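Here is the structure we will look at, set down as structure tokens.
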Amino acid sequence: MSDEKMYEIVNDPKKLKKYKPFKVYSIVDNQYVMAKPPNEDFDDYALNSGKQKNRLFISLADRVRLIQEQQFRLHQDLKKSLKVDIPKSREIIKNMVNVTMAEPRGKTLRLMQKTINLIVNEYLENPSVVIQLTYVSVHDYSTQLHLTNAMLLCIGYASHHQFSIEKIKLFGLMGLMHDVGKVEIPDYLLQAPRKLTSEEFDKIKKHPAASMKMLRDDNFSEEIQRVALEHHERIDGSGYPFGKRGGELSGPSKVLAIIDIFEALTTWRPYKESYPPIEALKIIKEEVDAGKLDRDIFEKFAYSIIGMTRAQ
């Protein structure tokens, strides 16, 4: 097998047991050879003494299968908790995104559509559920949490403005996928408690194109791809990656531009406290007044946020 078809697993006795159903490989003379057949336990002595072979691998296909099994279990847990335990539901959603983004490929990304459908269907029965999920306070920051928040804000925005059910689900998927390319950027850059150097910021600015490529390769719609590519553009041409102007940008891209900023302002980071929603809207309005963000979309978004905060 070639390197691109293999995935190295952590050689930790506490973590190896979950790989029992799979073939496990090691490297001998620069070749992958089977170290353990499927559905057999690891050697107890080697497992408990830490004397397993130094590097162990499973096939990428089995890696995807394992993630899908984790997604399914979390999805079932979410079904049970959505009606009774919002903080737990929020944590499950974040864990699902975290598991999915560990191997963001078509088969794993598309399973998140079921989660979005579940949340939207629950919203139809209980409109406050999206509000409650959005405003669970979390002292944490990661790309996975950002995508979770953006998904919920998109669902809230589309729901508040009474979009069709299919369009609400589409907006949720756009929010979830818009920054998927950030998984290729090291956390030390994404969470740096300082101003980035120009070279570091250039690396950050590559993530919209990386996101679009991942979504295109996995046959997501052009509309979702455009949002991933354009959500850092500004209507005055001052954004990136291409400096597009208002008329060149899709409507959903303009929505995500505002939601992306709002999420960043209202989420706690290791180097800053979060802004209250109304204060965040005031900051975004300054960008609107400067001609960088769409005024009509901002006003619609602000109404949705004010409606959500009043309903808490």
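The values are calculated or read from the model by the stated rules, or taken from the named source; none is laboratory data. The shown structure was predicted, so the numbers you read here are calculated from the model rather than taken from an experiment. Backbone-built Cβ (ideal geometry, glycine too); neighbour counts: all protein chains shown.
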- Query: Checking residue 33 against (1) aliphatic (A, V, I, L, M); (2) more than 24 Å from the chain's Cα centre (by Cα); (3) modelled with pLDDT of 85 or more; (4) buried (at least 16 other Cβ atoms within 10 Å of the Cβ), which single condition isn't satisfied?
  - Reply: (4)
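Matching residues to (1) over 19 Å from residue 100 (Cα atoms); (2) assigned to a helix (DSSP H, G or I); (3) in contact (Cβ under 8 Å) with a residue 24 or more places away in the chain; (4) not basic (Lys, Arg):
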site: 181; (1), (2), (3), (4): no, yes, yes, yes
site: 226; (1), (2), (3), (4): yes, yes, yes, no
site: 239; (1), (2), (3), (4): yes, no, yes, yes
site: 242; (1), (2), (3), (4): yes, no, no, yes
site: 254; (1), (2), (3), (4): yes, yes, yes, no
- Of (1) without any contact (Cβ under 8 Å) to a residue 60 or more places away in the chain; (2) closer than 19 Å to residue 304 by Cα; (3) not charged (D, E, K, R), residue 156 satisfies every one except (1)
- Query: When the range 267-278 is examined, which residues are found to be touching a residue at least 40 places away in the same chain (Cβ under 8 Å) and not in a loop (DSSP other than H, G, I, E, B)?
  - Reply: 269
- Residues of the range 53-100 being among the β-branched types (Val, Ile, Thr), touching a residue at least 12 places away in the same chain (Cβ under 8 Å) and over 29 Å from residue 32 (Cβ atoms), which ones? 86, 92, 93, 97
- Item | Of all residues in the range 202-258 being polar (S, T, N, Q) and closer than 22 Å to residue 156 by Cα, the one that is surrounded by the most Cβ atoms within 10 Å (Cβ to Cβ) | 253
- Which of (1) of a type in the set (A, V, I, L, M); (2) touching a helix residue (DSSP H, G or I) at 6+ places or on another chain (Cβ under 6 Å); (3) modelled with pLDDT of 95 or more does residue 311 not meet, given it meets every other one? (3)
- Task: Can you tell me which residue within the range 278-308, out of those that are buried (at least 19 other Cβ atoms within 10 Å of the Cβ) and more than 21 Å from residue 251 (Cα to Cα), is modelled with the highest pLDDT?
- Result: 280
